[in-house]
Amino acid sequence: MLGDYSLSDMLERMYINQLALEAALMELTLHLELQGGSEVGNNVRGALETIGENAGHIKQGLATLKGSSSDQV
């Protein structure tokens, strides 16, 4: 056990951090694009798209992990 947190709790916090970083990067990207940095903005948007795609898989994995851990209780 990881202190007071289960593995699924820790992974959920990491997922929430990922979403927060994604939002912060989007804010910075929008600001950069307003300043004329469209090429860099496009590159960042590509990376954010990957983060968004993976977020769905992570969320499904967390749901599965939480479901299987509650079955064992």
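Below are the figures for this structure:
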read-out	value
Mean Cα-pair separation over length for the chain, i.e. relative contact order, pairs under 8 Å, 6 or more apart, %	39 percent
Spherically averaged projected area in nm², based on the convex hull that wraps the Cα atoms of the chain	5.6 nm²
Between helix 38-71 and the chain: long-axis angle, C-alpha atoms, 0 to 90°, nearest 10	10 degrees
Helix 7-34 axis, angle to the chain major axis (alpha carbon atoms, nearest 10°)	10 degrees
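Rule-based calculations on the coordinates, nothing more; no lab input. Predicted model only: the values in this text are computed from it and were never measured.
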